[in-house]
Amino acid sequence: MQRSPSESLQPSLIELSRSALEQNFSFLQSRAKNGVRISSVIKGNAYGHGISSFIPLAELCGIDHFSVFSADEAEGVLKFRSNPDTDVMIMGMVRDEELSWAIKNGIEFYLFEMERLDRALEEAGKLGKKARVHLQIETGMHRTGFEKPEWETVFQKIKENPESFDLKGICTHYAGAESVANYFRIQKQNETFREALEMAKSMFDQMPPVHASSSAAFLTMPDKQYDMVRIGIAQYGFWPSRETYMHHAKASEFDKDQDPLRRVMTWKSEVMSTKWVKAGDFIGYGNVYMAGRDMRIATVPIGYTHGFGRNLTNSGYVLIGGERANVSGLVNMNMITVDITDIPGVEKGNEVVLIGHQGDDQITVASFGEMTNNLNYEILTRLPASIPRIVVD
């Protein structure tokens with residue numbers, strides 16, 4: 001796809017693969033039990049993929065429910081969704097003064113403390129419109145959620161105010177399903193959750209949808225899918241952890257060398273300039289890197305302001321001409337220099353891949369993360385929103 005004029009002015013861009021996303025959702029839907037709804041988690045600017053570009057793509061794949069962290073992200077869904085019936089759910093931050101806005105706009109949001117419940121009841125009464133709420137149950141994550149002594153009171157308040165509340169769900173969150181080390185803790189959480197659900201069943205004439213699983217729990221614990229799952233990292237083509245992938249590979253019959261998830265994102269830049277450096281000369285600031293031989297280097301207009309960290313100095317690499325070009329010298333705010341001595345034919349304007357495939361090689365977010373000592377999640381969400389996101393294939 002050709003860049004727009006404004007995108008052409010940027011030193012790098014992020015491509016989003018439509019076919020990769022379609023494959024990912026096809027795989028995820030094949031793993032979901034009959035009737036289980038997938039909520040697409042798009043917090044952190046859609047894990048760095050860009051809310052404005054990602055939402056329409058996901059809707060084309062059949063997604064009609066999005067989970068966000070805060071009210072500003074929910075506003076983004078309202079702005080960029082193409083289907084007016086697509087739902088959005090705020091799992092975290094909604095200030096008291098934002099509750100009225102959420103109720104007016106039909107935004108679903110978590111209730112996890114009595115103060116918020118009472119304020120939502122008050123605002124719904126003022127507006128004469130139901131608040132679409134999910135009751136979050138504290139089961140052992142010890143972050144947010146109603147504690148066991150509060151359950152009966154909470155359920156009773158919801159039941160006694162049908163004109164003010166539209167109960168859209170009862171939920172919890174498992175503490176680290178991506179690691180087997182947390183297995184027993186999660187089993188204990190689920191026992192507590194089921195206890196809350198039994199109480200809810202005894203009090204409500206009709207149970208709302210129940211949800212608890214993120215990508216990791218969905219992929220490793222099919223008995224905990226309930227009515228809806230909240231899929232984040234997996235939809236973008238990444239396994240929550242190596243353990244999660246190995247668990248799936250062991251339990252499945254697919255080719256162990258064929259990953260059923262495809263990376264949606266490719267991050268690209270270009271060669272800005274090339275030059276020769278004599279052996280013994282220093283490259284860039286200070287004396288961080290001395291050329292051990294006559295070297296040809298390429299300057300790439302990417303730096304730590306774009307998410308390419310300073311700790312990649314002399315250790316990171318990019319792909320040029322299908323070959324790995326090592327970072328040689330200090331990572332600057334807006335530039336890096338890479339060694340192209342052994343890569344023939346490199347010219348100004350040649351494509352540079354920072355994350356993704358080129359030729360027969362690739363740089364995954366996982367390998368990028370290993371270079372930077374960061375998690376997939378952290379690398380992705382740190383990519384600046386100012387980098388253009390464009391849809392391809």
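The values are calculated or read from the model by the stated rules, or taken from the named source; none is laboratory data. Remember, predicted model here, so these are calculated numbers, not experimental data. Virtual Cβ from ideal backbone geometry, glycine too; neighbours counted across all protein chains shown. What goes into the accessible areas is simple: the full protein's heavy atoms, side chains included, and nothing from ligands, DNA or RNA. Shrake-Rupley method; radii C 1.70, N 1.55, O 1.52, S 1.80 Å.
Scanning region 14-27 for residues that are touching a Gly at 6+ places or on another chain (Cβ under 8 Å) and either assigned to a strand (DSSP E or B) or at pLDDT below 95 (or both) returns 14, 15, 16. The sole residue among 231, 186 that is in contact with a Ser or Thr (Cβ under 7 Å, 6 or more places away or on another chain) and among the β-branched types (Val, Ile, Thr) is 231.
Every condition in (1) within 30 Å of residue 326 (Cβ to Cβ); (2) open to solvent by 30 Å² or more (accessible area, probe 1.4 Å) is met by residue 223 except one, and the failing one is (1).
Scanning region 163-185 for residues that are free of Cβ contacts under 8 Å to residues at least 12 places away in the same chain and surrounded by fewer than 14 Cβ atoms within 10 Å (Cβ to Cβ), we see that the one that is nearest to residue 228 (Cα to Cα) is 183.
State all residues of region 325-355 that are in a strand (DSSP E or B) and either within 15 Å of residue 285 (Cα to Cα) or over 27 Å from the mean Cα position of the chain (by Cα) (or both); if no residue qualifies, say none.
Initially, region 325-355 is screened for residues in a strand (DSSP E or B), giving 325-327, 336-339, 351-355.
Those that are in a strand (DSSP E or B) and either within 15 Å of residue 285 (Cα to Cα) or over 27 Å from the mean Cα position of the chain (by Cα) (or both): 325, 326, 327, 336, 337, 338, 339.
Scanning region 46-65 for residues that are under 12 Å from the mean Cα position of the chain (by Cα), hydrophobic (A, V, I, L, M, F, W, C) and open to solvent by less than 10 Å² (accessible area, probe 1.4 Å) yields 46, 54.
Restricting attention to region 66-94, the residues that are open to solvent by less than 40 Å² (accessible area, probe 1.4 Å) and closer than 19 Å to residue 113 by Cα add up to 8. Does residue 278 satisfy the criteria of being open to solvent by less than 60 Å² (accessible area, probe 1.4 Å), touching an Asp or Glu at 6+ places or on another chain (Cβ under 7 Å) and either touching a residue at least 40 places away in the same chain (Cβ under 8 Å) or basic (Lys, Arg) (or both)? No: the conditions fail for residue 278.
Quick check on residue 372: is it open to solvent by less than 70 Å² (accessible area, probe 1.4 Å) and either at pLDDT 95 or above or touching a strand residue (DSSP E or B) at 6+ places or on another chain (Cβ under 8 Å) (or both)? Reasoning before the result, please.
On the way: open to solvent by less than 70 Å² (accessible area, probe 1.4 Å): yes; either at pLDDT 95 or above or touching a strand residue (DSSP E or B) at 6+ places or on another chain (Cβ under 8 Å) (or both): no.
No, not satisfied.
Scanning region 226-247 for residues that are in a helix (DSSP H, G or I) and open to solvent by less than 10 Å² (accessible area, probe 1.4 Å) yields a count of 5. Quick check, is residue 188 part of a helix (DSSP H, G or I) and open to solvent by 70 Å² or more (accessible area, probe 1.4 Å)? Criteria met by residue 188. Among the residues making up region 191-214, those that are without any contact (Cβ under 8 Å) to a residue 40 or more places away in the chain and open to solvent by less than 20 Å² (accessible area, probe 1.4 Å) are 197, 213.
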